[in-house]
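Step one of this worksheet: look at the structure below.
Just so you know, all these numbers are worked out from the coordinates, no wet-lab data involved. If you're wondering where the values come from, they're calculated on a predicted model, not measured in any experiment. In this analysis, Cβ positions are derived from the backbone assuming ideal geometry, glycine residues included, and neighbour counts consider all displayed protein chains.
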Amino acid sequence: MDNETLTITDNRTDQTYTVPISRGTIRAMDLRQIKTGADDFGLMTYDPAFMNTASCQSAITYLDGDKGILRYRGYPIEQLAENCTFLEVAYLLLNGELPTEDELGSWNREVLRHTMIHEKLKKVMEGFNYDAHPMGMLMGAVAALSTFYPDARNIFDPASRNEQISRLIGKMPTIAAYAYRHRLGLPYVYPDPELCYTKNYMNMLWKRTEPKYAANPVIAHALEVLFILHADHEQNCSTNTMRAVGSSHADPYATTAAAIAALWGPLHGGANEEVLRMLDEIGKVSEIPGFIAQVKDGKRKLMGFGHRVYKNYDPRARIIKRVAEQVFEVTGRNPKLDIALELEKIALSDEYFIKRKLYPNVDFYSGIIYQAMGFTPDQFTVLFAIPRTVGWLAQWQELLGDADQKIARPRQVYIGQDARDVVPFAQRGKLQTVTA
Ligand code: SDX
């Protein structure tokens, strides 16, 4: 289309301005020329929660919320889930291309070389209470990693950066498994270099006194698929956090710890844990109408439903539903699935949810599978954080290489008090409330 410009008339001054349109956006800085006089700072955009603001240009993940499309580097998520391993997809997200067989072999070896953690980091984790939330332990342990690898601050040295990326991807399952064993008072299980990424994770979680852990292949495959589905999702809250903290040039461990904190929120990655609590509270199919009524009264949220981008069925939720059936053939059917399926059926036919385009998202069914595998609800978001570490690191790496990017420092609209003088106590009345 030619004439990719926008002409704006400022009715305060009758001035008109023409700004270029690029990839469906205008640059916010092009609005600063719109002033009412020399002292005027110029126009800004006001966009709380970034509902309509692109913070970056990215080539990693493409979403179409209306059509329910998700692609990593152009590959449909359905095909990646069907044909690839998680580390294969991790290579794709980080490098932009699927690996050859040789490239995948060396990438697997590189990541699996980094699954051990420093013995002192285990002592850091032993300091947590037995009932510490695993996400708190994960966040603390990942932040502590920055004290073991001070060279990680060389973020513009590609060799150092790649070493930290491999270390983080390799160590996340180990830390997560140690948090799980810590909770149960079980001894830590060391990584087994003969096992692939997911089977090694299962080994560190569930090995008992047998000489060699034998992972169930159906569960291992289910974890591969679930990890692929959770690996990246463009500029979600935790990735935005990774980019904001990364823009200050903090090291990748401190930056990833910040992203873990954001993911933990119940509106974000913490939702999978809340879904299980919600299903437990509903208890049985007959209680669903009463719960839906509370949601429609605005008293409760239907956790695992709704999405800022998807105004259609989350493509990941569709795949997870299929994985659930495969897992239940091994673990036995989780009765919560019946409540979830009925809840979805009722919600998708109810005007309240249809009008607001609320569909199941990635968190609606994932927890049901995790529970069937033997995880407690407080472990669920850890299972989200392990694979999302790849997406966070791919986005962080892209940020560092983007000449357009600087330290993230938004503006604000000040609505507080005008200048005023400090007065002695005798003249101070009740606290002046700031008018909103
Ligand atoms: C993830 O961004 C990503 O990509 C995230 C993620 C990823 O891979 O990184 O996909 C992972 O975080 C998935 C989302 C998990 N969160 C939940 O399941 C929590 C429940 N969902 C909601 O809190 C909500 O839907 C959000 C947070 C996901 C999205 O919120 P928005 O985009 O800010 O939407 P909104 O809160 O403005 O809601 C619009 C309307 C409101 O009603 P009205 O004020 O117009 O009357 O829809 C209602 C909301 O009240 N609504 C819900 C609802 N979600 C939105 N009502 C009931 N139950 C819900 N779950």
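Projecting the alpha carbon convex hull of the chain along each direction and taking the average yields 28.7 nm². Label zone (LYS67, point 7 Å along Cα-to-C-beta; backbone nitrogen cut-off 17 Å) within segment 295-320: 309-316.
Entry for segment 307-408 at q = 0.10, 0.13, 0.14, 0.20 Å⁻¹: log10 I(q)/I(0) = -0.40, -0.62, -0.70, -1.06, Debye formula applied to identical alpha-carbon scatterers, no solvent contribution. Rounded to the nearest Hz, the phi-derived 3J(HN,Hα) couplings of segment 103-108 under the Karplus curve 6.51 cos²θ - 1.76 cosθ + 1.60 (θ = phi - 60°) are 4, 5, x, 6, 5, 4, where x marks glycine and proline. List the aspartates and glutamates whose Cα sits under 14 Å from the Cα of LYS406, skipping any in the same chain fewer than 8 residues away. In chain and number order, the partners are GLU398.
Multiplying the residue separation of ARG113 and THR45 by 0.36 nm and subtracting their alpha-carbon distance yields 19.8 nm. Look at ASP2, ASP363 and count the other Cβ atoms within 10 Å of each Cβ; fewest to most, that gives ASP2, ASP363. So what's the angle, to the nearest 10 degrees on a 0 to 90 scale, between helix 158-184 and the longest Cα principal axis of the chain? That works out to roughly 60 degrees.
Which angle between 0 and 90 degrees, to the nearest 10, do you get for helix 197-206 versus the longest principal axis of the chain when only C-alpha atoms count? Value to nearest ten degrees: 70. Taking every alpha-carbon pair within segment 364-419, the share separated by more than 15 Å comes to 69 percent. Per-peptide packing, taken as the mean over residues of other Cβ atoms within 10 Å, places 76-88, 120-132, 329-341 in the sequence 76-88, 329-341, 120-132 from highest down.
Remark: segment 228-236, residue by residue, has Karplus-estimated 3J(HN,Hα) of 4, 5, 9, 5, 8, 7, 6, 8, 5 Hz, where x stands for each Gly or Pro and the curve is 6.51 cos²θ - 1.76 cosθ + 1.60 at θ = phi - 60°. If you take the Cα centroid of segment 200-242 and the Cα centroid of segment 130-166, the two points sit 19 Å apart. A simple packing score, the average count of other Cβ atoms within 10 Å per residue, orders the peptides 257-265, 308-316, 56-64 as 257-265, 308-316, 56-64, with the highest score first. Taking other residues whose beta carbon is less than 15 angstrom from the beta carbon of ASP102, and scoring Lys, Arg as +1 and Asp, Glu as -1, yields -4.
Could you work out the local net charge near GLU224, counting Lys and Arg as +1, Asp and Glu as -1, over the other residues with Cβ closer than 12 Å to its Cβ?
Details: positive: LYS199; negative: GLU82, GLU88.
Every neighbour counted, the sum reads -1.
Between ASN11 and THR376, the modelled label-to-label distance comes to 6.0 nm, taking each label 7 Å out from Cα in the direction of the beta carbon.
Which of the residue pairs LYS67/LYS357; LYS321/LYS355; LYS67/LYS345; LYS301/LYS345 have a Cα-Cα distance greater than 18 Å in the structure shown? Please report the intermediate quantities before stating the final value.
Details: LYS67/LYS357 12 Å; LYS321/LYS355 24 Å; LYS67/LYS345 20 Å; LYS301/LYS345 16 Å.
In this structure, LYS321/LYS355; LYS67/LYS345 exceed 18 Å between Cα atoms.
Here the peptides 413-424, 104-115 are ranked by packing, the mean other Cβ count within 10 Å, and the order with the highest first is 104-115, 413-424. Put in line by how crowded their Cβ is, counting other Cβ atoms within 10 Å and starting with the fewest, PHE364, PHE353 read PHE353, PHE364.
Taking the C-alpha atoms only, the angle from helix 134-148 to the longest principal axis of the chain is near 80 degrees.
Rounded, prolate or oblate for segment 125-231? Axes are the square roots of the Cα gyration tensor eigenvalues, ordered a ≥ b ≥ c, and the cut-off for rounded is a/c under 1.5. Oblate is the answer for segment 125-231, as a/c is 1.5 or above yet b/c matches or exceeds a/b.
For LYS171, the aspartates and glutamates whose Cα comes closer than 15 Å to its Cα, not counting residues fewer than 8 places off in the same chain, are GLU110, GLU119, GLU163, ASP192.
Between the amide H of GLN15 and those of ASP10, distances stay under 5 Å, these residues lying 5 or more places away or on another chain, with hydrogens modeled in the peptide plane. The charge dipole of the chain, taken about the Cα centre with unit charges on the Cβ atoms of Lys, Arg (+1) and Asp, Glu (-1), comes to about 1100 debye, rounded to the nearest 20. Each residue of segment 59-67 was assigned a 3J(HN,Hα) from its phi angle through the Karplus curve 6.51 cos²θ - 1.76 cosθ + 1.60 (θ = phi - 60°); the sequence is 10, 8, 10, 10, 10, 10, x, 6, 8 Hz, with glycine and proline shown as x.
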